[in-house]
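What follows is a set of notes on a single structure, which appears directly below.
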Amino acid sequence: MNKEFIDALKTIVKDKGISEDLIFTTIEDALIAAYKKNYSNQGASQSVKVTMNRVTGEIKVFAQKLIVEAIRYSSLEIALDDARKISPYYNIGDICDVEVTPKSFGRVAATLAKQVVTQRIKEAERELLYKEFAQKEFQIITGTVLRNDKDHVFINIGRIETILRTNDKIPRERFERNERIKLYVSEVINSPKGTQVHVSRTDPNFIRKLFEIEVSEIQEGIVEIKNIVREAGARTKMAVHSNIEEIDPVGACVGEQGIRVKNIVNEARNEKIDIIKWSDDPKVYISNALSPAKILSITIDEEKKIADVIVDDSQLSLAIGKEGQNVRLAARLTGWKIDIKSLSKCREQMKETENLEEGREESIEEFEQEEVLDEN
C-alpha cells in the first residue's frame, strides 16, 4: 500500500459519493479477518486491531492483550513491565496494543483492499441509486422508450431501465422508439439484483398525480382530491373538495376553457374524466357521482349502505353507462351500492303494488262475507 494508492482511493470514493471513513473502516475490518485467517494461530479468539494510515497507506496489525500481574495465556495477556515498554501510562487491567504486523502482510493488504473497494463501490452505487428512485416513489417521472417487445415496453428512466408491462399500459396505446412518456412510480424495490422500479400508466394515482402537477390549487392545498377511481383507457371519476368556499374545486381542475383537464385527457389517450364535487351528504355525493345523468330522487339505507336511485327514462342509459360503467364507477367512488330504476319502472311497480293491495282487500272482504253466511 502506498500514498499513490491512497490518493487514487480518495478520488474514487469522492467521485462515487462514498464516505471516506466508511471505506477505510471496511478495509480495516477485512484486513482483521485476513490476518486471523492467514497469520494468527489463535484465530477468532485473539483480539486484533488493524490501522491504516489515511495519508501514507501504511498498515499495522496489533494484538490487543490484557495487562495482568501473572500471565496465564501469553497470546491474550501481557505483563505490566512489558506493556510499559510500549507506553509508560499503561496499568493493570488496561488493554495493550502489541504490534504483530507480518512482513508479507503488505501484499495481502493491497490485494484485499482493491477487492474491498471494488465491492464497496458497487454496493454504494446500488444504495445511491435506490435512494435516488425511492424519493420518486408515488410520483410522476418521464422516461424514453427504448424498444417494444411483444406486450412489454422497455423504458430508460435515467440511470436504469424499467419495463412497462401489459397491465400497466393504457389499452390500445402504442409507443414509438425514443418517444418520451410520463409514468407513475408505483413501487421501488432494493433487491440483490439492484434497484427495480415498477411503473404504471393505468393506476388511478397516475391521473391523481397529473392533476396535482397541473392544478396549482391542489399544490397549494386549496383544492383536495377526496377519491379517484378509474377504468384505464375508458373513464375516470374524481371527487374534489375546496377548503375555501369561494373557490370552485371542479372549475379549478377543469381550468380556463378546459385547458387543464384537456392536457390530462391527452396524456391519458383521450380517456373520459368526470370531475365531481365531493359532499359529506351521501345523497348529494351519490347524485354528483352519477354525473352526467340527472337524478330525480335518492333513498338511502344508512345501515346497509344501499342507495335506491330514480331517474327519468331518458336518463337511464346515461346513469348506468355503457356496460354499467358509470354506475359501477360511481359505486366505487362513493362506497355505496347503487340501484338505479327508471321513473316508468317505479310507476309500474307502484301500480302492481296497489293492485296487489286492492286484491288483498277484496279477498279479505270476500272471506269476511263467507264467514257471516256460514254463521247464519
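The set of residues in segment 125-163 that are of a type in the set (A, V, I, L, M, F, W, C) and in contact with a helix residue (DSSP H, G or I) (Cβ under 6 Å, 6 or more places away or on another chain) contains only Ile140. Taking segment 268-376 and the helices (runs of 4 or more DSSP H) fully enclosed by it, the elements with 1 or more residues that are loosely packed, with under 11 Cβ neighbours inside 10 Å, modelled with pLDDT under 90 and at negative phi are at 343-375.
Matching residues to (1) in contact (Cβ under 8 Å) with a residue 40 or more places away in the chain; (2) among the small types (Gly, Ala, Ser); (3) closer than 28 Å to Arg201 by Cα:
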residue: Tyr285; (1), (2), (3): yes, no, yes
residue: Ser297; (1), (2), (3): no, yes, no
residue: Asp301; (1), (2), (3): no, no, no
residue: Ala307; (1), (2), (3): no, yes, no
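Once segment 138-191 is narrowed to residues that are in a loop (DSSP other than H, G, I, E, B) and of a type in the set (Phe, Trp, Tyr), the residue that is modelled with the highest pLDDT is Phe138. Annotation for segment 8-27: no member residue is assigned to a loop (DSSP other than H, G, I, E, B), at pLDDT 85 or above and either under 43 Å from the mean Cα position of the chain (by Cα) or acidic (Asp, Glu) (or both).
Of the residues screened, Ala293 is not one that is in contact (Cβ under 8 Å) with a residue 40 or more places away in the chain, of a type in the set (A, V, I, L, M, F, W, C) and touching a strand residue (DSSP E or B) at 6+ places or on another chain (Cβ under 7 Å).
When we screen Ile181, Ile163 for residues that are more than 23 Å from Phe211 (Cα to Cα) and either not assigned by TED's automatic domain parsing to the domain that holds Lys60 or not hydroxyl-bearing (Ser, Thr, Tyr) (or both), the only hit is Ile163.
Restricting segment 1-32 to residues that are touching a helix residue (DSSP H, G or I) at 6+ places or on another chain (Cβ under 9 Å) and among the small types (Gly, Ala, Ser) leaves a set whose member that is nearest to Glu127 (Cα to Cα) is Gly17. Scanning segment 171-216 for residues that are of a type in the set (A, V, I, L, M), surrounded by fewer than 18 Cβ atoms within 10 Å (Cβ to Cβ) and in contact (Cβ under 8 Å) with a residue 60 or more places away in the chain yields one hit, Ile213. Under the condition of being modelled with pLDDT of 85 or more and part of a helix (DSSP H, G or I), the residues counted in segment 92-126 number 1.
Yes or no, residue by residue, for (1) under 22 Å from Leu129 (Cβ atoms); (2) charged (D, E, K, R):
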{"site": "Glu4", "(1), (2)": "no, yes"}
{"site": "Leu9", "(1), (2)": "yes, no"}
{"site": "Lys16", "(1), (2)": "yes, yes"}
{"site": "Ser19", "(1), (2)": "yes, no"}
{"site": "Ile23", "(1), (2)": "yes, no"}
{"site": "Thr26", "(1), (2)": "yes, no"}
{"site": "Asp29", "(1), (2)": "no, yes"}
{"site": "Ala34", "(1), (2)": "no, no"}
{"site": "Asn38", "(1), (2)": "no, no"}
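Take Ile92 and tell me if it is in contact with a Leu (Cβ under 7 Å, 6 or more places away or on another chain) and either in the same structural domain as Glu187 (by TED's automatic domain parsing) or over 15 Å from Val197 (Cβ atoms) (or both). Yes.
Residue count for segment 49-93, restricted to those that are touching a residue at least 24 places away in the same chain (Cβ under 8 Å), under 20 Å from Val116 (Cβ atoms) and of a type in the set (A, V, I, L, M): 4. The set of residues in segment 28-55 being outside any helix (DSSP H, G or I) and modelled with pLDDT under 85 consists of Tyr39, Ser40, Asn41, Gln42, Gln46.
The values are calculated or read from the model by the stated rules, or taken from the named source; none is laboratory data. Just so we're clear, the structure is a prediction, and the values are computed from it rather than from any experiment. Note: ideal-geometry Cβ built from the backbone for every residue, glycine included; neighbour counts use all protein chains shown.
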